[in-house]
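Please read the structure below before turning to the comments.
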Amino acid sequence: MSEVEETLERVKIQAGVEGYVICSKQGQVLRRLPSMTQAQAEIYADFMSQLSRKARGVVRDLNPKNELRYLRLRAKRHEVLVAFDQEFLVIVIQRWTPAST
């Protein structure tokens, strides 16, 4: 099994992970969690590739020596983690519940 396959297996078994998408920088879905529909994967890939492009531009505008490598978004029910590579985006969607106070 390749290193990529091993990493995907580790991601799948993590508690709370509801899906993952690997896409090109242009937003084309290359791989997804088998339980995710193609339509869901395409939505995440499209929006996250657009957002990551804009966020990386903002970071470069603030300081040209810096580069955005990782992005984490938290909503009411989900957390979306985006890791950047030269040619790919790795998007992980996981359940999130706030800590009880």
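The values are calculated or read from the model by the stated rules, or taken from the named source; none is laboratory data. All values reported here derive from a predicted model rather than from experimental measurement. Backbone-built Cβ (ideal geometry, glycine too); neighbour counts: all protein chains shown. Keep in mind that these areas ignore ligands, DNA and RNA; they rest on the heavy atoms of the full protein, side chains included. Shrake-Rupley method; radii C 1.70, N 1.55, O 1.52, S 1.80 Å.
Scanning the stretch 42-73 for residues that are closer than 14 Å to V92 by Cα, open to solvent by 40 Å² or more (accessible area, probe 1.4 Å) and touching a strand residue (DSSP E or B) at 6+ places or on another chain (Cβ under 8 Å) yields E42, Y44, Y70, R72, L73. Take the residues of the stretch 1-41 that are out of contact with any Gly (no Cβ under 8 Å at 6 or more places or on another chain), part of a helix (DSSP H, G or I) and modelled with pLDDT of 90 or more: which is least open to solvent (accessible area, probe 1.4 Å)? Ranking the qualifying residues of the stretch 1-41, first place goes to A39. If you go through the stretch 54-99 and pick out every residue that is assigned to a helix (DSSP H, G or I) and at pLDDT below 90, you end up with 0. Taking the criterion of being of a type in the set (S, T, N, Q), over 15 Å from Q14 (Cα atoms) and out of contact with any helix residue (DSSP H, G or I) (no Cβ under 8 Å at 6 or more places or on another chain), the only residue of the stretch 66-96 that qualifies is Q86. Among the residues of the stretch 74-94, those identified as open to solvent by 100 Å² or more (accessible area, probe 1.4 Å) and over 18 Å from E18 (Cβ atoms) are Q86, E87.
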